[in-house]
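Let me begin by presenting the structure, written as structure tokens, before commenting on it.
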Amino acid sequence: MYAEVVFPLPFRNSFSYSVPEELAESIAVGKRVVVPFGKRVLTGFVTGINDNIKEQDNIKPVTDVIDEIPVFDQSVMPFYQWIADYYLCSLGEVMRNSVPHGTEIESKRIIISDMEYCSELLNDSSLKPGLKKSLLEVLSQKENHTIASLQKKVNRKNIYSPLQKLKKEGAVSILDEIMDPKVKEKKQKYVELLVNPEIVFEMLPEIEKSSQAQLKIMLELVSLKARGALLADLLKKTGSSKSPVDSLEKKGLIKIIDKEIERRPEELYSEKKKTFALTDGQKGIIDTVSEKIEKNEFEVFLLHGVTGSGKTQVYIELASKALDKGKTALILVPEISLTPQITSRFFQRFEDKTAVFHSRLSAGERFDTWKGIIAGKYKIVIGPRSALFTPLRNIGLIVVDEEHDGSYKQFEQTPKFHARDSAVVLAKLSDAPVLLGSATPSVESMYNAEKGKYKLLNLPDRVDNAKMPVIELVDVRTERQKKRMKNIFSKRLLDTINAKLKAEEGIIILQNRRGFSTQIYCEDCGEIEMCPNCSVAMVYHINQDILQCHYCGTVKKSPKACSVCGSISLKYFGTGTQRVEDEMEYYFPDAKIARIDSDTIGKKGRLSTLLNNFRKGEYDILVGTQMVSKGLDFSHVTLVGVISAETTLWLPDFRADERTFQLLTQVAGRAGRSQNPGLVLIQTQDKSNFVLQNVLKNDYKLFYDRELSLREQGGYPPFAKLCLIEMKDEEEAVALRAATRFYEILKEQKIKLFVTPPAPAIIARIKNQYRYQIMIKSMRNDDPSGRMLRKAVFDTMIEYKKKEKSKDARMIVDIDPHNII
């Protein structure tokens with residue numbers, strides 16, 4: 001018996017391993033195995049079992065099988081394979097997303113240094129400055145190191161060659177150690193009653209004579225319906241030690257066992273359960289989609305519903321239909337910021353059948369939730385893009401809420417998939433309908449609806465007869481000329497906030513930048529405090545008096561003088577959420593203000609607590625980044641203020657107009673969601689801008705038509721397929737050379753593609769890596785599915801890897817990029 005195994009590495013082929021007899025019954029497709037791979041030990045995924053294979057030398061045996069139940073089955077393999085083929089990555093890199101981080105077994109390379117000898121080499125006068133010297137400085141200070149820690153300390157990735165030379169000199173030893181999984185089941189001592197309660201009552205006089213503590217323990221166990229309890233809880237309730245428990249076990253009355261404990265995330269956000277009377281529009285949409293659920297038929301529905309039109313209730317009713325049919329439902333939301341309110345409503349309706357799965361859960365909570373999904377305990381899974389890979393079986397409905405949102409695109413790691421597009425494919429392979437919901441649908445989705453690829457559904461009115469908010473544009477240039485600006489606030493906004501505070505109504509303020517000031521500028525020499533590792537200005541955070549780079553995380557103390565000329569004439573420019581909060585506290589000292597951005601919600605449960613307190617009226621004003629623009633539904637909010645409409649509008653990206661329209665329309669929709677009318681004040685430098693004028697009119701159709709026309713003229717999606725190739729390296733010349741070589745090979749292909757020559761990325765350096773990009777475009781008329789583009793890129797990747805001698809530059813391939821910055 002042989003197993004075909006793939007690894008979460010950039011190898012597109014599988015590897016064959018023999019299966020020892022003792023593992024033959026436990027191995028299966030969809031399980032993870034521990035196998036030797038070169039000199040290392042890795043966790044891989046079994047994709048096939050064969051009785052015989054072609055003759056191969058040195059076939060190694062499987063070492064162990066990790067999973068009792070397969071983490072996926074054959075039915076989901078076509079989905080994983082589609083992602084691998086479409087986004088040009090390996091099957092193993094896709095499958096990596098299907099298991100929680102920290103559950104793998106692998107060997108890690110440990111560097112053990114001879115500290116004294118390293119010090120001698122470091123003090124050698126012939127040693128020149130460079131990587132070797134940097135390594136020796138670190139190695140002489142500490143004995144044990146990992147590769148990753150050394151790379152971080154010397155700020156270089158390519159350290160293998162100098163380490164091998166140091167090994168030959170006897171300065172270091174390099175060992176491979178097998179590392180256990182970081183995340184395992186949690187087990188606790190559990191006490192079970194072994195005799196019937198009636199018998200216990202007969203024995204009570206005898207037990208009482210023996211020990212009062214034993215009597216308390218037995219009475220407590222008898223009172224429990226579950227016939228058992230956690231040992232720690234039992235001892236705490238009875239005030240006993242473990243000794244009487246041990247005595248009762250010896251008498252055969254109880255048994256102490258190790259019981260697996262599920263770590264369930266505690267959702268701190270809660271709302272009062274409401275009874276909703278569905279509108280005729282909601283009922284019509286539910287009936288339309290339910291028909292496909294009943295028939296197990298695939299179809300894509302685009303639900304264009306204004307903010308406050310009751311889309312979440314539609315999702316809940318449709319999920320109920322799927323569960324009634326014996327199916328499961330997957331509910332995707334763009335960000336964790338949306339999960340507290342939407343999960344609260346799903347938990348109210350479906351209770352323990354609902355699971356939430358996202359990165360802010362602890363590793364143990366993620367692991368236990370994942371196991372519960374595999375076991376079929378949960379029928380509804382809610383989460384951001386990573387939830388797409390949860391092992392949910394028998395899917396009858398997929399919902400993608402706020403389908404337009406850019407956070408559905410995977411940016412950081414391979415595969416760089418788009419969860420919305422991938423969800424459509426998963427629904428098709430599952431014979432299930434998929435519902436894409438948004439108040440501001442993406443241009444691509446609305447275009448697909450117009451062409452008949454998706455079916456368009458509309459919810460044009462708010463529920464409960466609530467009216468759309470009144471929107472005003474406040475021209476800050478005019479206000480400044482008339483001396484009606486108070487720092488970053490117009491007098492109009494300040495006066496309205498004051499009126500709303502007196503009326504005890506809720507206020508949301510949006511500024512889509514965190515920090516206090518976005519740059520520090522020297523008036524004498526013109527120097528801006530830049531990140532040492534990235535081509536961006538560092539952001540000032542007033543609370544800790546630090547500068548921080550929001551790309552690589554580098555932190556340094558705020559300067560008292562210019563780092564170039566020594567001048568103390570430093571100016572703080574730009575506005576972040578910290579500054580908004582700070583100035584709010586100055587103008588409204590009695591108001592209770594909460595700030596929501598990635599700096600404030602890092603602590604687990606913090607977001608839910610803030611939202612709970614705001615809903616209860618314990619905070620008057622909510623200040624935040626785009627997190628406050630999505631999904632929040634607070635009936636008492638009647639004012640939304642936007643400090644600067646241009647935050648996203650001026651970005652050099654073809655999606656900038658669309659993102660700005662969506663952001664402003666979404667945040668405007670947080671106001672007036674009940675009987676009290678809502679008002680939205682948007683401060684702007686360019687009141688006549690077409691995008692802002694359409695936000696003012698709340699006219700999605702007019703914006704869409706113009707944006708579609710501009711996309712067609714420029715040759716951008718949906719009229720073209722894009723691929724972004726990025727080469728990055730610590731040395732700029734290496735990155736440029738790699739990008740140039742790739743470009744030359746690609747141009748040799750006689751295929752109708754538009755290819756831009758290599759150019760520095762808009763942010764030319766991030767995390768000390770220089771970035772060069774190539775944009776590849778194929779027009780929809782010539783290449784409707786993008787297959788021609790993907791084949792050309794894939795063939796070029798193969799040829800490039802054969803010819804390119806420099807292995808230093810890292811290549812990143814992004815199909816359908818959402819961000820070209």
Item checked: For the stretch 122-181, alpha-carbon Rg and Dmax in angstrom -> 12.1, 45
Next item on the list: For the stretch 325-361 and the stretch 740-796, compute the distance between their C-alpha centroids and round to whole Å.
Entry: 38 Å
Next item on the list: Sort the following peptides by mean Cβ neighbour count (other Cβ atoms within 10 Å, averaged over residues), highest first: 115-122, 450-457.
Entry: 115-122, 450-457
Note to self: Give me the dipole magnitude in Debye, nearest 20, for the chain about the Cα centre, with unit charges on the beta carbon: positive for Lys and Arg, negative for Asp and Glu.
What the structure shows: 1040 debye
Notebook entry, point to check: Given 728/752; 39/128; 721/750; 453/747; 467/592; 182/353, which pairs have Cα atoms separated by over 22 Å?
Noted result: 728/752; 39/128; 453/747; 467/592; 182/353
Item checked: Euclidean distance between Cα centres, the stretch 387-465 to the stretch 603-635, Å -> 26 Å
Margin query: For the stretch 578-712, take the convex hull of the Cα atoms, compute a quarter of its surface area, and give me that in nm², please.
Written below: 9.6 nm²
Notebook entry, point to check: Can you work out the FRET efficiency for the pair residue 120 and residue 740, with r the C-beta to C-beta distance and R0 = 41 Å, to the nearest 0.05?
Noted result: 0.40
Next item on the list: In square nanometres and to one decimal, what's the mean projected area of the convex hull around the Cα atoms of the stretch 385-502?
Entry: 12.9 nm²
Item checked: Normalised per residue, the volume of the convex hull around the Cα set of the stretch 739-783 (Å³) -> 78 Å³
Item checked: Per-bin percent of Cα-Cα distances, the stretch 324-366 [10 Å] -> 22, 55, 20, 2
Check: Dividing the convex hull volume of the Cα atoms of the stretch 287-419 by its residue count, what figure in Å³ per residue is obtained?
Finding: 117 Å³
Margin query: 5 Å is the cut-off here: which amide hydrogens, built 1.01 Å from N in the peptide plane, fall below it relative to residue 417, excluding neighbours closer than 5 in sequence?
Written below: 410
Checklist line | Globularity index of the stretch 659-773, i.e. its alpha-carbon radius of gyration over 2.2 N^0.38 Å | finding: 1.58
Margin query: Quick check: with the 1.4 Å probe, what order do 261, 507 take by accessible area, largest first?
Written below: 261, 507
Next item on the list: Would you mind listing how long the stretch 103-241 runs along its three principal axes, going by Cα atoms, in whole Å with the largest first?
Entry: 89, 27, 22
Next item on the list: Determine the equivalent ellipsoid of the stretch 1-79 by diagonalising the alpha-carbon gyration tensor, then write out the semi-axes as square roots of 5 times the eigenvalues, largest first, rounded to whole Å.
Entry: 17, 15, 13
Next item on the list: Largest first and in whole Å, give the semi-axes of the stretch 726-821's equivalent ellipsoid, each being the square root of 5 times a Cα gyration tensor eigenvalue.
Entry: 23, 16, 10
Notebook entry, point to check: What is the Cα radius of gyration of the stretch 196-321 over 2.2 N^0.38 Å, N being its residue count?
Noted result: 1.95
Notebook entry, point to check: How big is the stretch 356-450 on each of its three principal axes, counting only the C-alpha atoms and giving the largest first in Å?
Noted result: 43, 30, 24
Next item on the list: Only bridges with both residues in the chain count here: give the DSSP antiparallel percent, nearest 5.
Entry: 60 percent
Check: Once the dipole of the stretch 661-715 is set up with Lys and Arg at +1 and Asp and Glu at -1 on Cβ about the Cα centre, which of 662, 688, 704 lies farthest towards its positive end?
Finding: 662
Next item on the list: Take the Cα atoms of the stretch 12-166, build their convex hull, and give its volume per residue in Å³.
Entry: 170 Å³
Item checked: Listed residue pairs exceeding 21 Å between alpha carbons, taken from 272/616; 167/767; 153/767; 31/791 -> 167/767; 31/791
Item checked: Alpha-carbon Debye profile of the stretch 650-725, log10 I(q)/I(0) at 0.13, 0.16, 0.19, 0.22 Å⁻¹ -> -0.48, -0.68, -0.87, -1.06
Check: Under a plain spin-label model, where a point goes 7 Å from the Cα along Cα-to-Cβ, how far apart in nm are residue 759 and residue 157?
Finding: 2.4 nm
Notebook entry, point to check: What do you get for Rg/Rh of the chain when both radii come from the Cα atoms and Rh is the Kirkwood radius?
Noted result: 0.99
Check: Direction-averaged shadow area of the convex hull around the Cα atoms of the stretch 611-651, nm²?
Finding: 3.3 nm²
Checklist line | Debye log10 I(q)/I(0) for the stretch 152-226, one point scatterer per Cα, at q = 0.11, 0.14, 0.18, 0.19 Å⁻¹ | finding: -0.54, -0.68, -0.88, -0.90
Note to self: Counting each pair of different Cα atoms once, what's the Kirkwood radius of the stretch 473-531 in Å, rounded to one decimal?
What the structure shows: 14.4 Å
Check: Want the number for residue 791 to residue 230: 0.36 nm per residue separation, take away the alpha-carbon distance, what's left?
Finding: 196.1 nm
Checklist line | Approximate spin-label separation residue 585-residue 472, in nm, with each point projected 7 Å along Cα-to-Cβ | finding: 2.8 nm
Notebook entry, point to check: Along the charge dipole of the chain, Cβ charges K/R +1 and D/E -1, which of 452, 576, 158 sits furthest on the positive end?
Noted result: 576
Check: When the chain is fully extended, how far beyond the present Cα-Cα distance does residue 128 get from residue 598, taking 0.36 nm per residue of separation?
Finding: 164.9 nm
Notebook entry, point to check: Which value in deg cm²/dmol, rounded to the nearest 500, describes the helix-derived mean residue ellipticity at 222 nm for the chain, given -39,500 (n - 2.57) per DSSP H run of n ≥ 4 and division by the residue count?
Noted result: -10000 deg cm²/dmol
Note to self: Considering the Cα positions of the stretch 270-334, please state its Rg to one decimal place and its Dmax as a whole number of Å.
What the structure shows: 12.4, 36
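The values are calculated or read from the model by the stated rules, or taken from the named source; none is laboratory data. Because the structure is a prediction, the values reported are computed rather than measured. Cβ sites come from the backbone with ideal geometry, for glycine too, and all protein chains shown count toward neighbours. Accessible surface areas use protein heavy atoms only, side chains included; no ligands, DNA or RNA. Shrake-Rupley method; radii C 1.70, N 1.55, O 1.52, S 1.80 Å.
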